Amino acid sequence: MYKIFIVEDDLTIAEMIKHHLEVWNHEVKIAEDFQHVMSDFAAFDPHLVLMDISLPFFNGYYWCTEIRKLSKVPVIFISSASDNMNIVMAMNMGGDDFISKPFDLDVLTAKVQALLRRTYDFGQKTSFLEHKGAILNMSDTTLTYQDQKISLTKNDYKILQTLMENKGKVVSRDTLMTKLWETDCYVDKNTLTINISRLRRKLTAAGLEDFITTRKGMGYIIED
């Protein structure tokens, strides 16, 4: 089963595409917040994006460019603006294909299936974790927030990955120590505290204040 993310503000068209693709056993999500498309994108972590050009707030070219900063996930533009200039622009902005409206759903599905096969038969999908606009790319171990790429050490990444995978749950100090050093013994307890403090300073400097919360006597949590 592949996950497909639809960025289309015409709900009738979006729902029509969604229902048709679900018949082919794809998991489909329609974007809801057109000001924060990247948060939805990272949270859903799709295998393919269907992107309209004319959207509220920012157009599809903008969002495709933002996606390309993080991922090589295939993007198919769907638009009634099908003149040569828009098609060329869509390809130059990182699009993989262009389908003109109105379109036949079977043709759309065939293009989606073909692009999914070409992309994933021979390669691995990039995966993300997202919280409050901060996007952790698990392929290259980077954190992105508001167009900033935040440099992470190996321990920074492991701490964030563990906490973000367990968002809304308290992660014990012993669990984090095992994740970082493959043991919860023979490691000075202050070593974890120092690593957390350094990471917090880095996050705060990037604008992510109070991203990690301490639960005294229990561990650490990223509040859901």
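The values are calculated or read from the model by the stated rules, or taken from the named source; none is laboratory data. Note that this is a predicted model, so its numbers are computed, not measured. Methodologically, a virtual Cβ is constructed for each residue, glycine included, from the backbone with ideal geometry; neighbour enumeration extends over all protein chains shown.
General remarks:
- Residue match in the range 39-53 (condition: surrounded by fewer than 17 Cβ atoms within 10 Å (Cβ to Cβ) and assigned to a loop (DSSP other than H, G, I, E, B)): no
- Yes/no for ASN190 being at pLDDT below 85, not in a loop (DSSP other than H, G, I, E, B) and not assigned by TED's automatic domain parsing to the domain that holds PHE44: yes
- Options ASP45, ASP33, ASP52: the member that is in the same structural domain as MET85 (by TED's automatic domain parsing), under 17 Å from PHE77 (Cα atoms) and of a type in the set (D, E, K, R): ASP52
- Looking across the range 93-115, the residues that are surrounded by 15 or more Cβ atoms within 10 Å (Cβ to Cβ) and either more than 18 Å from VAL7 (Cβ to Cβ) or in contact with a Cys (Cβ under 8 Å, 6 or more places away or on another chain) (or both) come down to MET93, GLY94, GLY95, GLN113.
- For GLY217, the conditions (1) modelled with pLDDT under 90; (2) in a helix (DSSP H, G or I) are fulfilled apart from (2).
- Some residue of the range 87-96 being modelled with pLDDT of 90 or more, β-branched (Val, Ile, Thr) and under 21 Å from ASP9 (Cβ atoms): no
- Identity of the residue in the range 62-88, touching a helix residue (DSSP H, G or I) at 6+ places or on another chain (Cβ under 6 Å) and part of a helix (DSSP H, G or I), that ends up surrounded by the most Cβ atoms within 10 Å (Cβ to Cβ): TRP63
- Within the range 62-84, residues that are without any contact (Cβ under 8 Å) to a residue 40 or more places away in the chain and not assigned by TED's automatic domain parsing to the domain that holds GLN35 reach no partner that is buried (at least 17 other Cβ atoms within 10 Å of the Cβ) and in a strand (DSSP E or B) with beta carbons closer than 9 Å at six or more positions or on different chains.
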